[in-house]
Amino acid sequence: MDLSLSSDQRTILDALDAMLRPWESAPIHDAPLFASDDALEAALAEAGFLQVTADPDLGTVTAALVIERLARLPYAVEAAASALIGPLLGDDPAGPICLVDTRQWRRPVRYLRENARVVVLEDAGVSAFTASAGQFRAEPKALFAYPVASLHELPDALEPLPIDPAQLRARWQVGLAAECAGLLAGALASTAAHVSDRQQFGRPLATFQAIRHRLAEAHVRINGAYWLAMSAAAGCDPGQAALAALHAAETARMCTYDFHQFLGAMGMTLEHPLHLWTYRLKLLAGELGGAAGHARSAADALWGPAEG
């Protein structure tokens, strides 16, 4: 597999980086529990970065690159579903695209609000509905660092969609893997900056060997999450997608623990913005059954469903 970016991909990422500069910095003191910006969403919609999948010369790999880059920001923005699932819908929904797994439909749903296009994944097929105000309950943003809401119940009348459920699951997992990779990169950068500045016993925390070794291990695992996501995005193969999501979920669990430990008590306060990445990671790591669910998906894709 050729891992180098094409000239078009480099151009798109350069343009995206230039556009995102006003949103790269997180507040150092009194960081909000949740960060979003309507201006960021409007700029993305106007620039068309989330429509790259529709271009046959760019496709799902470029979409995954965009998703990963956006996830590095301290601001939550709906990108993965629009970029990877949106092209399968054949329409242009007025609101955000939300994804619901019927096995976990009671879980908080990211970006669920009135007029959102809700895509429902079942074992037997895929369906959708447009959310109305009485169908959900908004949840506290502080707990997840995403705008989330919980469905009261799934509607009786769902619109069937001509989408293979295995394809939808694979694209969902690719999006999870790419978004987790970006969140992990953002969290690592935030943690590395803190331990480089924070001093103990007269020297920066980053000079202590135990911390350096664990940061290096985190860097290796996060690079692995990135490349597995990009490889899975190349063909959206169900087995590759499940393995990428599995590695991302396990890496999120391990690295989130380490990053907060390195920050000590600071990592449990609003004086540092680390939670803007790690709270989102905690929610993402549980979607589609979490690591166990991704492992089952990988086993089913590679060796077939278990009998009996």
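The values are calculated or read from the model by the stated rules, or taken from the named source; none is laboratory data. Please read all numbers here as calculations on a predicted model, not as lab measurements. Positions of Cβ are generated from backbone atoms using ideal geometry, with glycine treated the same way; all protein chains shown enter the neighbour counts.
The figures follow:
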{"read-out": "Criterion: over 26 Å from Ala295 (Cβ atoms) and either touching a Pro at 6+ places or on another chain (Cβ under 7 Å) or touching a residue at least 60 places away in the same chain (Cβ under 8 Å) (or both) - qualifying residue of Leu121, Leu188, Leu176, Leu161", "value": "Leu161"}
{"read-out": "Looking only at the stretch 200-241, and only at residues there that are aromatic (Phe, Trp, Tyr) and under 23 Å from Ala299 (Cα atoms), the one that is surrounded by the most Cβ atoms within 10 Å (Cβ to Cβ)", "value": "Tyr226"}
{"read-out": "Top-ranked residue in the stretch 266-306 [being of a type in the set (D, E, K, R) and closer than 17 Å to Ala181 by Cβ; ranked as surrounded by the most Cβ atoms within 10 Å (Cβ to Cβ)]", "value": "Arg280"}
{"read-out": "Asp164 being loosely packed, with under 14 Cβ neighbours inside 10 Å and out of contact with any His (no Cβ under 7 Å at 6 or more places or on another chain)", "value": "yes"}
{"read-out": "Total residues in the stretch 159-191, condition among the acidic types (Asp, Glu) and outside any loop (DSSP other than H, G, I, E, B)", "value": "2"}
{"read-out": "Residues of the stretch 106-130 satisfying the condition of being over 28 Å from Pro32 (Cα atoms) and either in a loop (DSSP other than H, G, I, E, B) or modelled with pLDDT under 90 (or both)", "value": "Glu122, Asp123, Ala124, Gly125"}
{"read-out": "Given (1) exposed (fewer than 15 other Cβ atoms within 10 Å of the Cβ); (2) touching a residue at least 24 places away in the same chain (Cβ under 8 Å); (3) in a loop (DSSP other than H, G, I, E, B), number of the condition Asp156 does not satisfy", "value": "(2)"}
{"read-out": "Single residue of Leu228, Leu283, Leu276 found to be touching a residue at least 40 places away in the same chain (Cβ under 8 Å), of a type in the set (A, V, I, L, M, F, W, C), closer than 28 Å to Thr60 by Cα and touching a strand residue (DSSP E or B) at 6+ places or on another chain (Cβ under 8 Å)", "value": "Leu283"}
